[in-house]
Amino acid sequence: MTMRKLILKMSISLDGFVAGPNGEINWIFPYMSKDGKSWLTAKLWAAGLHIMGSRTYRDMASYWPYSDDQLAPPMNEIPKVIFSRGGTLASQAPRTTAALKDAIHAIPVRDTVSPAALTGWTEARFATGDLATEVAALKKQEGKPIFAHGGAGFAQNLVSRGLIDEFILVVNPIALGQGLPLFSSMSKPLGMKLIDSIRFSTGVLANTYLPP
């Protein structure tokens with residue numbers, strides 16, 4: 001049986017942080033570009049499943065169904081699995097996190113929601129078991145690759161347990177000095193092979209790596 005890949009795509013600073021100390025992502029938006037968004041849109045449509053942690057789910061469910069951005073259709077329409085020990089969560093979560101505030105400030109959303117767009121979030125499945133066991137079961141299913149989003153803690157857990165088959169690190173030309181790292185929970189160094197690198201008009205690099 002051919003296992004489908006788990007791809008982790010994360011925006012990251014030059015010094016290895018995926019968010020500011022309090023989850024801020026406002027440093028990402030100045031480096032967004034038309035060519036970068038077109039590339040990411042194609043990457044998202046190539047996925048058959050989104051997986052994410054519960055906090056990221058709350059943020060995205062409160063943002064993407066209200067958005068007219070070109071990334072909204074693949075984010076809303078592709079099926080989702082949410083990793084949450086506590087089980088199901090309310091899809092209409094308060095808009096309170098730093099990341100969500102930063103996103104709304106940079107790319108405003110409507111006050112109204114499309115019921116069809118919201119369905120992709122309210123019908124998300126929740127995975128509450130052991131992370132490695134749940135991911136292994138998803139990889140065995142038929143379909144296109146699995147695309148993993150954050151948050152930082154969820155991504156760290158995937159990395160530290162060796163569950164990622166391909167890393168897409170979107171390197172922004174900024175050093176934060178402090179923040180939430182991606183690789184800090186590893187028990188030993190992880191050497192990777194660079195298989196692709198794309199430079200966008202704002203100086204952002206999308207680097208694709210394969211782990212051993």
Checklist entry - Within segment 57-77, is even one residue modelled with pLDDT of 95 or more, of a type in the set (S, T, N, Q), touching a helix residue (DSSP H, G or I) at 6+ places or on another chain (Cβ under 9 Å) and crowded, with 20+ Cβ neighbours inside 10 Å? => result yes
Item to check | Tabulated pairs, segment 1-19, first touching a residue at least 60 places away in the same chain (Cβ under 8 Å), second of a type in the set (K, R), C-beta under 6 angstrom, 6+ apart or interchain | outcome: M3/K139; R4/K139
Next on the checklist: List the residue pairs whose Cβ atoms are under 6 Å apart, where the first residue sits in segment 185-212 and is under 11 Å from I168 (Cβ atoms), the second is at pLDDT 95 or above and assigned to a loop (DSSP other than H, G, I, E, B), and the two are 6 or more positions apart or on different chains.
Outcome noted: Y209/M192
Checklist entry - So which residues in segment 11-58 are of a type outside the set (F, W, Y), in contact with a Ser or Thr (Cβ under 6 Å, 6 or more places away or on another chain) and farther than 23 Å from V159 by Cα? => result S33, D35
Checklist outcome for this item: The strands (runs of 3 or more DSSP E) lying wholly within segment 137-211 that contain at least 3 residues that are buried (at least 16 other Cβ atoms within 10 Å of the Cβ) are 146-148, 166-171, 205-210
Item to check | Selection from segment 106-136 of residues that are of a type in the set (D, E, K, R) and assigned to a helix (DSSP H, G or I) | outcome: E134
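The values are calculated or read from the model by the stated rules, or taken from the named source; none is laboratory data. Keep in mind that what you see is a predicted model, and the values were worked out from it rather than measured. No Cβ is skipped: glycine too gets one built from the backbone with ideal geometry, and neighbour counts run over all protein chains shown.
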